[in-house]
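The values are calculated or read from the model by the stated rules, or taken from the named source; none is laboratory data. All values derive from a computational prediction rather than experimental measurement. Methodologically, a virtual Cβ is constructed for each residue, glycine included, from the backbone with ideal geometry; neighbour enumeration extends over all protein chains shown. These area figures cover heavy atoms from the full protein model, side chains too; ligands, DNA and RNA do not enter into them. Shrake-Rupley method; radii C 1.70, N 1.55, O 1.52, S 1.80 Å.
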Amino acid sequence: MKRIVCLTLLICLVNAPTQLQAGKRLSNKLKSTRVGRAFGKLAQTERFSRILDKRLRTSFETARELQKQHPQHIDFLGEPIRRVRRAKDMPTHRVYADKPFLTTRRQTANYMAAKSNRAYLKESKHVLEWIKQLKNHLPQMQKAARQTADLQAENFIPWLTEQIPARTTTLFVGEMHGFKEIHQSVEMLLISLHEQNPNREIILFTEFLPKDFQWSEDVRPSSLALPVYAPIWQQAARKGIPVIGLEEEVSFYDFCDVEGIDPQGNVKVISQWAHLEGMRIRNESWTDTLTAYRKKYPHALFVVYTGAAHSSYYFPYSLSTALHNERPFVLTLYPDKYFKLNGRGLIGQMVAATHEEPLEALTKHIMFKQAVLQFKDPELSRLAGFDVRLKIPINLEQHAEEKGF
């Protein structure tokens, strides 16, 4: 029996290299087939996906630690992104033309989110320096606030158009989204601009329409993704002001969400195009579009209507600072009051509150709570984020009814 076992073992040892070579030949043969190549590609995709998942987790943890150190100072940068939700709802994975290694929607979404967290770390340094400069200039800013005209709501727009220098080439109108009264103020602004500039071409660009989409009276408002803005486009058309969209379709029709964590630890679900990396991509695209149109219309007054975070001077990747050859004037429109969620999740309640825009929230100074705020000194306006800020009176009862609160 021992002899037989030894003989069998000897045969196996002799034949082992041959069997190993045969296995390698079979493996190489499989790899050369369509099925084998597909299997290898799938394994590589899964391995790369795990790497991106890990990068998102580690970048979130680092950004979250920084957020805990400065919970109020960098709050307006948004939140660190913990995870991606609904990546399958992305229209495409081809967000980055120079990143062909991103082959799935989830890979692209995770890559974007991790980049956003790293941008959070980088931009927070700029924010902390900006806050330092802001505090150093508070006496001058308070003096400017006292010198700002004390106006009633019905006089906001006529006064505003008189403050816009004739040399302005681009008027940035940044809003806080979701308020009918703000939309109505934009309509009145377009009327007033047309009256003030009867011989100058005015073109309205907006994030609320797809890129290069041009509004015409043939368009049915109900066919728009954001029909609430249709009265503004209609008003512009009546004044002969062309309306041109800015938003790339890849972001305009993307329903992928991400989970951000606020300083109190609450989960905030936002579009992946609202975090820092999404904002960077969008603003760079809009900058390219505006630059191209400027070559066609060198003397026109451009009105760029977006959310305030896209154009305020101090925000990362701001349009107002990216367009170097323009002479900008930044107007921001905020509600004077709004509903905020008091509490968490299902037990939270919507309660009325006075709204604080970033300058107020950071300084907590009573002088900046007034309805109209203007900074004529360019250094102060860059620190404040705007040349003029208006707090538009909101009818909260009507607003609650419209929003279903």
Report yes if ARG3 is modelled with pLDDT under 95 and either aromatic (Phe, Trp, Tyr) or open to solvent by 90 Å² or more (accessible area, probe 1.4 Å) (or both), otherwise no. yes
Looking at (1) farther than 30 Å from TYR297 by Cα; (2) open to solvent by 30 Å² or more (accessible area, probe 1.4 Å), which one does SER124 not meet, given that it meets all the others? (2)
Quick check: anything in segment 269-286 touching a His at 6+ places or on another chain (Cβ under 8 Å) and without any contact (Cβ under 8 Å) to a residue 60 or more places away in the chain? yes
Top-ranked residue of segment 120-171 - restricted to ones that are in contact with a helix residue (DSSP H, G or I) (Cβ under 7 Å, 6 or more places away or on another chain) and part of a loop (DSSP other than H, G, I, E, B), ranked as farthest from ALA322 (Cα to Cα): LEU151
So which of THR92, THR108 is open to solvent by less than 50 Å² (accessible area, probe 1.4 Å) and either touching a strand residue (DSSP E or B) at 6+ places or on another chain (Cβ under 7 Å) or in a loop (DSSP other than H, G, I, E, B) (or both)? THR92
Which of the residues that make up segment 362-388 are open to solvent by less than 40 Å² (accessible area, probe 1.4 Å), farther than 17 Å from GLN163 by Cβ and not polar (S, T, N, Q)? LEU362, PHE368, LEU383
Would you call GLU397 surrounded by fewer than 16 Cβ atoms within 10 Å (Cβ to Cβ) and within 23 Å of MET188 (Cβ to Cβ)? yes
I'm trying to understand the selection: among the residues of segment 242-279, which are open to solvent by 10 Å² or more (accessible area, probe 1.4 Å), assigned to a helix (DSSP H, G or I) and of a type in the set (Asp, Glu)? GLU249
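Quick grid of which residues meet (1) in contact with an Asp or Glu (Cβ under 8 Å, 6 or more places away or on another chain); (2) modelled with pLDDT under 95; (3) open to solvent by 10 Å² or more (accessible area, probe 1.4 Å); (4) closer than 21 Å to GLU248 by Cα:
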{"site": "ALA97", "(1), (2), (3), (4)": "no, yes, yes, yes"}
{"site": "ALA113", "(1), (2), (3), (4)": "yes, no, no, yes"}
{"site": "GLN133", "(1), (2), (3), (4)": "no, yes, yes, no"}
{"site": "ALA145", "(1), (2), (3), (4)": "no, yes, no, no"}
{"site": "PRO165", "(1), (2), (3), (4)": "no, no, yes, no"}
{"site": "GLY174", "(1), (2), (3), (4)": "no, no, no, yes"}
I'm trying to understand the selection: among the residues of segment 227-241, which are crowded, with 18+ Cβ neighbours inside 10 Å and not aliphatic (A, V, I, L, M)? TYR229, TRP233, GLN235
Consider ILE182 against the criteria (1) in a helix (DSSP H, G or I); (2) in contact with a helix residue (DSSP H, G or I) (Cβ under 7 Å, 6 or more places away or on another chain); (3) open to solvent by less than 50 Å² (accessible area, probe 1.4 Å); (4) closer than 25 Å to TRP273 by Cα: it satisfies all of them except one. Which criterion is unmet? (2)
Could you go through segment 280-295 and let me know if any residue there is among the hydroxyl-bearing types (Ser, Thr, Tyr), assigned to a helix (DSSP H, G or I) and either within 21 Å of ARG64 (Cβ to Cβ) or modelled with pLDDT under 95 (or both). no
